[in-house]
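J.: Structure in structure tokens, see below.
The values are calculated or read from the model by the stated rules, or taken from the named source; none is laboratory data. Predicted model, so just to flag it, every value in this text is computed and none were measured. Glycine also receives a Cβ, built like all others from the backbone with ideal geometry; neighbour counts cover every protein chain displayed.
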Amino acid sequence: MSDEREAIDTSETAPAGFEPVIVAFCCQYCAYAAADLAGSMRLQYSPNVRVVRLLCTGKTDPIFFLKAFEGGADGVFVAGCMEGNCHFVEGNLRAKQRVQHAKGLLDEVGIGGGRLEMYNMSAGEGAKFAAAADEMTERIRSLGPSPLRPEPGDAEAALQAALDGVEVAQA
């Protein structure tokens, strides 16, 4: 674990005022309802979390997580039903296996498996959703920005390079 943390811990080089972007893939029956309940209860939790509602977390694919990182997310979490209470019988167990597999992939490519997590909660646990959002935000703050996060100006440089390529191809 210490080798992994050394490889991905960028907290010393994290820019001042770094605020992570976190994507949460949530089951509509439990975790999404818990997120909604957290809002209805006026619970304070990190505004850095972007929620994506899924019919079931069992439909997640590691490519979803990788695309989120590629799109600029610093952290990703999957939140599903409590184990044994999935509306689709074993969907949350499949999601758990996929998250574990993806964590290994993230470690192998140098992004770090600690940037991905799985949580289980019921629809009535708004406070648990808020706690998961805050826990993940603090974890990612300590890790620093994702190695895939675009630097300011990189998007413009990439666009310009693409436009230059189009001009050369048309010539």
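J.: Any residue that is within 24 Å of Ser146 (Cα to Cα), touching a helix residue (DSSP H, G or I) at 6+ places or on another chain (Cβ under 7 Å), crowded, with 18+ Cβ neighbours inside 10 Å and free of Cβ contacts under 8 Å to residues at least 24 places away in the same chain - is there at least one of those in the stretch 93-103?
T.: Keep residues of the stretch 93-103 that are within 24 Å of Ser146 (Cα to Cα), which gives 95-103.
Okay, now just the ones that are also touching a helix residue (DSSP H, G or I) at 6+ places or on another chain (Cβ under 7 Å), so 95, 98, 101-103.
Subsequent filtering for residues that are crowded, with 18+ Cβ neighbours inside 10 Å retains 95, 98, 102-103.
From what is left, the residues that are free of Cβ contacts under 8 Å to residues at least 24 places away in the same chain are 103.
Looking for residues that are within 24 Å of Ser146 (Cα to Cα), touching a helix residue (DSSP H, G or I) at 6+ places or on another chain (Cβ under 7 Å), crowded, with 18+ Cβ neighbours inside 10 Å and free of Cβ contacts under 8 Å to residues at least 24 places away in the same chain, one finds at least one in the stretch 93-103, hence yes.
J.: Within the stretch 129-152, does at least one residue satisfy the condition of being touching a Cys at 6+ places or on another chain (Cβ under 9 Å), of a type outside the set (S, T, N, Q) and under 20 Å from Cys26 (Cβ atoms)?
T.: Taking the stretch 129-152 and keeping what is touching a Cys at 6+ places or on another chain (Cβ under 9 Å), we get 129.
Still in the list and also of a type outside the set (S, T, N, Q): 129.
Then drop every residue that is not under 20 Å from Cys26 (Cβ atoms), which leaves 129.
Yes, the conditions are met somewhere in the stretch 129-152.
J.: Filter the stretch 103-126 down to the residues that are of a type in the set (A, V, I, L, M, F, W, C) and closer than 21 Å to Arg141 by Cβ and list them by number. Full working, then the answer.
T.: Applying the first criterion (of a type in the set (A, V, I, L, M, F, W, C)) to the stretch 103-126 yields 105-106, 109, 111, 116, 118, 121, 123.
Residues satisfying the conditions are Leu106, Ile111, Leu116, Met118.
J.: On to the next question. So which of Phe69, Phe77, Phe64 ends up being closer than 19 Å to Asn48 by Cα and in contact with a Ser or Thr (Cβ under 7 Å, 6 or more places away or on another chain)? Before the answer, list the steps.
T.: Details: Phe77 fails: in contact with a Ser or Thr (Cβ under 7 Å, 6 or more places away or on another chain); Phe64 fails: in contact with a Ser or Thr (Cβ under 7 Å, 6 or more places away or on another chain).
Going through Phe69, Phe77, Phe64 in turn, just one is closer than 19 Å to Asn48 by Cα and in contact with a Ser or Thr (Cβ under 7 Å, 6 or more places away or on another chain): Phe69.
J.: If I ask for residues that are of a type in the set (Lys, Arg) and either part of a loop (DSSP other than H, G, I, E, B) or modelled with pLDDT under 90 (or both), which ones from the stretch 39-56 would you list? Talk me through it step by step, then tell me what you get.
T.: Start the filter on the stretch 39-56 by keeping residues that are of a type in the set (Lys, Arg), which leaves 42, 50, 53.
Of everything in the stretch 39-56, just one residue is of a type in the set (Lys, Arg) and either part of a loop (DSSP other than H, G, I, E, B) or modelled with pLDDT under 90 (or both), namely Arg42.
J.: Right, here's the next one. Tell me, yes or no, whether the stretch 143-165 has at least one residue that is assigned to a helix (DSSP H, G or I), surrounded by 15 or more Cβ atoms within 10 Å (Cβ to Cβ) and at pLDDT 55 or above. I'd like the intermediate steps shown before the answer.
T.: Of the residues in the stretch 143-165, the ones assigned to a helix (DSSP H, G or I) are 143, 154-165.
Going one step further and asking which of them are surrounded by 15 or more Cβ atoms within 10 Å (Cβ to Cβ), we end up with 143.
Those left that are additionally at pLDDT 55 or above: 143.
Yes; the residues of the stretch 143-165 include at least one that is assigned to a helix (DSSP H, G or I), surrounded by 15 or more Cβ atoms within 10 Å (Cβ to Cβ) and at pLDDT 55 or above.
J.: Name the one entry in Phe65, Phe18, Phe69 that is in a loop (DSSP other than H, G, I, E, B) and either out of contact with any Asp or Glu (no Cβ under 8 Å at 6 or more places or on another chain) or of a type outside the set (Phe, Trp, Tyr) (or both). Give the derivation first.
T.: Values: Phe65 fails: in a loop (DSSP other than H, G, I, E, B); Phe69 fails: in a loop (DSSP other than H, G, I, E, B).
Of the residues listed, the single one that is in a loop (DSSP other than H, G, I, E, B) and either out of contact with any Asp or Glu (no Cβ under 8 Å at 6 or more places or on another chain) or of a type outside the set (Phe, Trp, Tyr) (or both) is Phe18.
J.: Can you tell me which residue is nearest to Gly17 (Cα to Cα) among those in the stretch 64-85 that are exposed (fewer than 15 other Cβ atoms within 10 Å of the Cβ) and within 12 Å of the chain's Cα centre (by Cα)?
T.: This residue is Gly72.
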